[in-house]
1. Using only helices, what value at 222 nm comes out for the chain when you add -39,500 (n - 2.57) per DSSP H run of length 4 or more and divide by the total residues, to the nearest 500 deg cm²/dmol?
2. About the Cα centre of the chain, what is the dipole size in debye to 20, counting +1 per Lys and Arg Cβ and -1 per Asp and Glu Cβ, all else neutral?
3. Mind checking the angle between helix 65-76 and the chain's longest principal axis? C-alpha axes, 0 to 90 degrees, to the nearest 10.
4. May I ask for the angle, rounded to the nearest 10°, between helix 51-63 and the longest principal axis of the chain, with both axes built from Cα atoms and the value confined to 0 to 90°?
5. Which one of A44, A33, A20 has the biggest mean-square fluctuation once the chain is modelled by GNM with Cα springs under 10 Å?
6. Principal axis extents for region 3-76, Cα atoms only, whole Å, descending order, please.
7. Can you tell which of F68, T40, F13 lies farthest toward the positive end of the dipole of the chain, using +1 and -1 charges on the Cβ of basic and acidic side chains (Lys, Arg; Asp, Glu)?
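Only the coordinates and a few stated rules stand behind these numbers; no lab work does. Values in this document were obtained by computation on a predicted structure and should not be read as measured data. Virtual Cβ from ideal backbone geometry, glycine too; neighbours counted across all protein chains shown.
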Amino acid sequence: MPTVLKIKDYRFFFFSREEARMHIHVICPDGEAKLWLEPTIEIATSYKLSNVRLKEIETMTKENIETFKNAWEAHFGN
């Protein structure tokens with residue numbers, strides 16, 4: 001499970017053997033979430049995260065979308 005980025009107490013990563021749709025996982029001390037990166041950024045699932053945390057995660061994902069997409073393509077191929 002390659003770590004793509006660490007920001008504050010968040011770790012953004014993906015699993016090597018999972019579904020083909022582009023997405024990113026994020027974990028922090030309060031819980032975890034999975035976000036779709038395409039066609040638009042959208043929270044797919046979340047566990048134990050407040051709305052404040054989810055909004056912060058969504059904002060960070062938008063700010064780093066190119067990093068996540070590039071890491072996905074480098075790991076999985078086009």
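1. -10000 deg cm²/dmol
2. 160 debye
3. 50 degrees
4. Once rounded, the angle reads 30 degrees.
5. Residue with maximal mean-square fluctuation among A44, A33, A20: A20.
6. 31, 21, 21
7. F13
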